[in-house]
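Input: a single structure, listed below in structure tokens.
The values are calculated or read from the model by the stated rules, or taken from the named source; none is laboratory data. Remember, it's a predicted structure, so these values are computed and weren't measured experimentally. Ligands, DNA and RNA are excluded from the accessible area calculation, which covers all protein heavy atoms including side chains. Shrake-Rupley method; radii C 1.70, N 1.55, O 1.52, S 1.80 Å.
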Amino acid sequence: MSSLARPTHGRMIGGVCAALARRFGTSATTMRVIFLLSCLLPGPQFLLYIALWILLPSQEKATTW
């Protein structure tokens, strides 16, 4: 498993689904479908996405640490 950082390539909006897919070894498309399906359930999915977008470092910033 790799570190959790938003990639600079292969992201659509914020790169959160691409970062989670890379971390757990799945494709970004699979993670995006899981996220969209989870939006059908009640809960704070969008708030969690925005929070991860803010909290996860970009890949270029994560490599400088």
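Run the accessible area of the chain with a 1.4 Å probe and give the carbon-and-sulfur part as a rounded percent.
Exposed carbon and sulfur together represent 70 percent of the surface.
Work out from phi, with θ = phi - 60° and the Karplus expression 6.51 cos²θ - 1.76 cosθ + 1.60, the ³J(HN,Hα) of each residue of segment 31-41, listed in order in whole Hz, and give x for Gly and Pro.
5, 5, 5, 4, 5, 5, 5, 5, 5, 6, 8
Using only C-alpha positions, report the orientation-averaged shadow area of the convex hull of segment 1-50, nm², one decimal.
Projected over every direction and averaged, the Cα hull of segment 1-50 covers 3.4 nm².
If I take every Cα pair under 8 Å that is 6 or more residues apart in the chain, average their sequence separation and divide by the length, what percent do I get for the relative contact order?
Result for the chain is 38 percent.
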